[in-house]
1. Over segment 150-217, with every protein chain in place, what whole percent of the accessible area is carbon and sulfur at 1.4 Å, could you tell me?
2. Counting only C-alpha contacts under 8 Å and six or more residues apart, can you give the relative contact order of segment 173-245 as a whole percent?
3. What's the Kirkwood radius of segment 131-218 in Å, using all Cα pairs?
4. Measure off 7 Å from each Cα along the Cα-to-Cβ vector at Glu45 and Glu67, then give the distance between these two points in nanometres to one decimal.
5. Using the scaling law 2.2 N^0.38 Å as the reference, what is the normalised Cα Rg of segment 174-219?
Amino acid sequence: MDNDRMFKPLKIALASYDRKELRVQKHYLEEEGAPISCTCFLSGERLFRCLQQDHSFDVAILCNEMEDMTGLEFMEHIRALEQRPVLLLFNEARRNNESALCMETEEGIFCVEQADLKSLLRELYRMPGQQGQKLERQCHALYDSWGLQQPDVNCGYLTCAVGVVFGNSQKMAIRKEILQAVGQQYNVSVSAVDSGIRRMIDQLEAAPNEAWSTFKQENGFAGDKLTTGKLIYAVKNQLRRQKEP
């Protein structure tokens, strides 16, 4: 599998009139997200010209009004593009009912429900066709090597959990933060997610193949049975190692 292609940086255009807000968001996403590259725009006209001339941005994040146009005016410009990036409405742009609601159901427009950077990063990894899909392909390849049949809902739970932690350098609470986020995504309880991943571990331990044994050894768990949390972070670490040259 081509790891360079798989982990090509997600190119993001950050848009707001607030320089400080843009600096904070750029620093957080580039430090906590892997791999992400952000370019900041105060001017809607400048960003729109870039989108017309160069289709290199995967995502545009509208955080607030811009120096020269409102969020609604900017989204009307975006609508006119034949090729446009995915658009995320975040922070004040999301809370602006007029601009958020008029675009809520349009294809390629997503709204970040919570006004915190962790939620923004999580949404980036979940977006179809973007980084979340790249991580999903990597996870599926790993599960295939372990001999797991797919599609499988328990594999889906694990992939979603890995997506939640992948962009965070700090340890997260397994049930309260990680499994709860997965449960919300699948509309099931935290216990259902935990039980599903545990059943997956039991299945692998009952008939371990060489790839599963190697995975455990490489992550320091040879001879041990992994817990839900340890498996999530072991998969995260495995994917991070795979992207390195």
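1. Carbon and sulfur: 47 percent of the exposed surface of segment 150-217.
2. 24
3. The answer is 13.6 Å.
4. 1.1
5. Taking N as the residue count of segment 174-219, the ratio is 1.39.
The values are calculated or read from the model by the stated rules, or taken from the named source; none is laboratory data. Source: prediction; values computed, not measured. Every residue, glycine as well, gets a Cβ built from its backbone with ideal geometry; the counts of neighbours run over all protein chains shown. With ligands, DNA and RNA removed, areas are computed over all heavy atoms of the protein, side chains included. Shrake-Rupley method; radii C 1.70, N 1.55, O 1.52, S 1.80 Å.
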